[in-house]
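Taking it in order: structure first as structure tokens, then the write-up.
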Amino acid sequence: MARVADEVRIAVDTDDDAELVGDAGATWQRLVLPALLLTVIVVAWELASRFTEVPDYILPAPTAIVARLIRSWAVLWDNSVVTLTEIGIGFVVGVVLGLALAIPIAYSIVVRNTLYPLIVASQAVPKIAIAPLLVLWLGFDLMPKIVVTALMVFFPVTVTAAEGFASVDRNLLDLLKSVHANQAQIFFKVRFPHALPQIFGGLRIGITLAVVGAVVGEWVGADSGLGYLLVYANTLLDSTLLFAALILLIVIGVVLFILVGVVERLLLPWHRDESTYVGT
Amino acid sequence: MTVAERADRAATGAARRPQIEVHGVSKRYRTTRSTQDALHEVDLEVRPGEFVSLLGPSGCGKTTLLKIIGGLVKHSRGEVRIDGGTVDEALRARKFGFVFQDATLLPWRTVLGNARLLLDITGAVDGATPVEELLRTVGLAGFEDYYPSQLSGGMRQRVALARALALSPEILLMDEPFAALDAITRDRMGDELLRIWDGSRTVVFVTHSIPEAVLLSDRVVVLSARPGRIRADVPIELPRPRTPQVRDSAEFSRYEAQLRQQIEEDTDGAGS
């Protein structure tokens with residue numbers, strides 16, 4: 001018993017050093033430093049537009065954008081809801097599609113060799129180029145936006161999940177086979193949870209791509225949504241409205257990204273301190 | 001266990017058929033480019049309750065032999081019998097417990113959850129010893145709710161040992177279980193295993209550490225490399241129960257020297 005305690009103490013001791021160089025400074029730095037940089041940029045931008053003759057339709061001042069955000073809030077909010085709906089449905093469809101593709105890819109070399117080149121090729125196709133086609137096929141409503149979004153989201157999910165499902169330790173699989181575990185048990189008790197940290201990496205990339213996907217979908221044919229609003233404001237040379245919509249898109253992207261991180265931490269509490277101990 | 005009890009057990013064991021019988025087993029690995037003989041005509045018998053180490057340099061096929069005994073690898077020729085039956089029958093009867101070089105724990109399960117993994121999968125209730133008690137035996141009382149990432153390497157291997165013991169296997173197959181640990185922890189784990197193993201279970205223990213093999217074993221089987229074949233079969237007649245101090249005895253050193261000589265002769269032979 002005392003020996004085990006020794007081992008723990010050794011492990012904890014090693015950990016202290018890691019904390020001094022790694023985490024201690026990082027937490028506040030990660031928040032304060034970007035905020036500081038952003039403040040500097042915004043202040044410089046504000047000063048520049050006040051003391052120069054640049055007209056609002058070229059570059060509106062930050063204060064003007066904020067004023068517009070407040071004044072046109074009702075319109076901006078309605079359009080945000082439309083875009084958020086597209087992002088949400090497209091993301092879920094993309095994730096389900098991505099996971100469904102990852103399973104056969106992880107289990108079968110033949111499927112992997114057959115599908116992977118095509119999947120990679122599908123990512124090389126610029127979505128903005130096929131979006132008009134999708135509108136032609138699927139109409140002006142929600143459908144083409146969801147398809148574009150899902151097409152962008154599924155790829156990182158498929159790649160990370162297939163990688164995760166397949167990377168289970170050989171000996172562990174032997175151990176499970178030795179007690180005649182069935183494929184469903186091996187998948188749900190081991191492969192799937194094992195792949196979750198990697199899948200969440202894919203989800204974080206996917207959620208930012210989902211925002212881009214929804215906007216691209218709206219760009220080519222829509223009568224509402226923040227992407228539509230961008231195009232609309234641009235044709236009117238209403239750059240203040242354009243920037244206001246842009247800021248909302250950024251906020252949506254960042255908040256969704258953080259949300260995925262929060263869900264990950266709630267679902268995988270064991271993964272957070274994966275690296276905190278150095279084995280002795 | 002007293003010496004008398006041990007002698008009794010050995011006598012009844014001798015009367016019975018060996019628990020593990022390996023006869024003329026060869027293993028040939030085929031890749032598209034080459035074939036390699038991992039094992040050649042290996043014969044080995046292990047009695048019930050015996051602790052046998054397979055000792056040899058890397059690549060001598062000792063891990064392959066262990067996995068053939070445990071049914072994880074199919075042999076190319078020869079026969080393996082467990083308690084007179086086939087390896088598959090033994091697997092179905094859950095006679096084997098495995099411990100590997102890496103603990104291969106599930107990071108999302110606690111110590112207790114990991115120790116219970118095979119029980120959960122088989123739907124079995126606790127074996128002869130409840131899992132909580134097994135964890136106490138391997139020195140992990142109080143750590144039930146820890147996650148593997150919070151444990152040191154030695155403690156992870158303790159969990160792996162408890163997991164293997166949870167189904168009360170008759171035969172424990174250990175593949176260099178302490179090889180990934182630092183030297184001090186490794187010695188400690190050897191002492192612990194000496195304490196935990198009470199002679200009620202057959203153990204086949206793969207190692208490339210001579211002192212580890214001498215300390216733990218009733219018999220050390222030395223394998224030669226490429227293709228793996230049995231070079232020597234050395235009974236270790238140090239009295240039981242053994243304490244860590246047995247390492248300091250002259251007899252211990254004599255066994256070490258004997259085994260080292262066997263391995264070196266083999267290496268010389270390969271060189272000429």
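Structure values in brief
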{"read-out": "Residue within the stretch A:137-159 that is of a type in the set (Phe, Trp, Tyr) and in a loop (DSSP other than H, G, I, E, B) present", "value": "yes"}
{"read-out": "Members of the stretch A:74-114 that are without any contact (Cβ under 8 Å) to a residue 24 or more places away in the chain and either surrounded by 18 or more Cβ atoms within 10 Å (Cβ to Cβ) or not in a helix (DSSP H, G or I) (or both)", "value": "A:108"}
{"read-out": "Given (1) in a loop (DSSP other than H, G, I, E, B); (2) without any contact (Cβ under 8 Å) to a residue 40 or more places away in the chain; (3) within 11 Å of chain A (Cβ to nearest Cβ), number of the condition residue B:185 does not satisfy", "value": "(1)"}
{"read-out": "Residues that are more than 11 Å from chain A (Cβ to nearest Cβ) and in contact with a Leu (Cβ under 7 Å, 6 or more places away or on another chain), drawn from the stretch B:146-161", "value": "B:159"}
{"read-out": "Which numbered condition residue A:209 misses (of (1) crowded, with 17+ Cβ neighbours inside 10 Å; (2) away from chain B (no Cβ under 14 Å); (3) more than 15 Å from the chain's Cα centre (by Cα))", "value": "(3)"}
{"read-out": "Residue B:136 being surrounded by fewer than 21 Cβ atoms within 10 Å (Cβ to Cβ), in contact (Cβ under 8 Å) with a residue 40 or more places away in the chain and among the charged types (D, E, K, R)", "value": "no"}
{"read-out": "Odd one out for residue B:223 among (1) in contact with a His (Cβ under 8 Å, 6 or more places away or on another chain); (2) at pLDDT 90 or above", "value": "(1)"}
{"read-out": "Any hit, the stretch A:134-142, residues being more than 14 Å from chain B (Cβ to nearest Cβ), touching a Pro at 6+ places or on another chain (Cβ under 7 Å) and in contact (Cβ under 8 Å) with a residue 12 or more places away in the chain", "value": "yes"}
{"read-out": "Index of the failed condition, residue B:142 passing every other in (1) at the interface with another protein chain (Cβ under 10 Å from one of its Cβ atoms); (2) surrounded by 15 or more Cβ atoms within 10 Å (Cβ to Cβ)", "value": "(2)"}
{"read-out": "Residues that are among the β-branched types (Val, Ile, Thr) and assigned to a strand (DSSP E or B), drawn from the stretch B:213-240", "value": "B:220, B:221, B:222, B:230, B:234"}
{"read-out": "Checking residue A:203 against (1) crowded, with 20+ Cβ neighbours inside 10 Å; (2) within 14 Å of chain B (Cβ to nearest Cβ); (3) of a type in the set (A, V, I, L, M, F, W, C), the condition it does not meet", "value": "(2)"}
{"read-out": "Single residue of A:170, A:204, A:191 found to be in contact (Cβ under 8 Å) with a residue 40 or more places away in the chain and closer than 20 Å to residue B:100 by Cβ", "value": "A:191"}
{"read-out": "Candidates B:37, B:43, B:102 - the one that is out of contact with any Pro (no Cβ under 9 Å at 6 or more places or on another chain) and either within 12 Å of another protein chain (Cβ to nearest Cβ) or at pLDDT below 90 (or both)", "value": "B:102"}
{"read-out": "Residue check, residue B:164 within 26 Å of residue B:83 (Cβ to Cβ), under 15 Å from the mean Cα position of the chain (by Cα), at the interface with another protein chain (Cβ under 10 Å from one of its Cβ atoms) and not in a strand (DSSP E or B)", "value": "yes"}
{"read-out": "Sole exception among (1) closer than 18 Å to residue A:104 by Cα; (2) surrounded by fewer than 20 Cβ atoms within 10 Å (Cβ to Cβ); (3) polar (S, T, N, Q) for residue A:158, by number", "value": "(2)"}
{"read-out": "Residue in the stretch A:49-58 that is modelled with pLDDT of 50 or more, assigned to a helix (DSSP H, G or I) and not aromatic (Phe, Trp, Tyr) present", "value": "yes"}
{"read-out": "Members of the stretch A:160-198 that are part of a helix (DSSP H, G or I), aliphatic (A, V, I, L, M) and either closer than 22 Å to residue A:113 by Cα or more than 10 Å from chain B (Cβ to nearest Cβ) (or both)", "value": "A:161, A:162, A:166, A:184, A:195"}
{"read-out": "Check on residue B:97, small (Gly, Ala, Ser) and facing chain A (nearest Cβ under 8 Å)", "value": "no"}
{"read-out": "Only one of B:220, B:203, B:214, B:246 that is without any contact (Cβ under 8 Å) to a residue 60 or more places away in the chain, within 22 Å of residue B:161 (Cβ to Cβ) and buried (at least 21 other Cβ atoms within 10 Å of the Cβ)", "value": "B:214"}
{"read-out": "Per-region count, the stretch B:59-92, residues away from every other protein chain (no Cβ under 14 Å), surrounded by fewer than 23 Cβ atoms within 10 Å (Cβ to Cβ) and either of a type in the set (Lys, Arg) or in contact (Cβ under 8 Å) with a residue 60 or more places away in the chain (or both)", "value": "6"}
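The values are calculated or read from the model by the stated rules, or taken from the named source; none is laboratory data. The structure displayed is predicted, hence computed values, not measured ones. Heads up, the Cβs are rebuilt from the backbone with ideal geometry, glycines too, and the neighbour counts pull from every protein chain shown.
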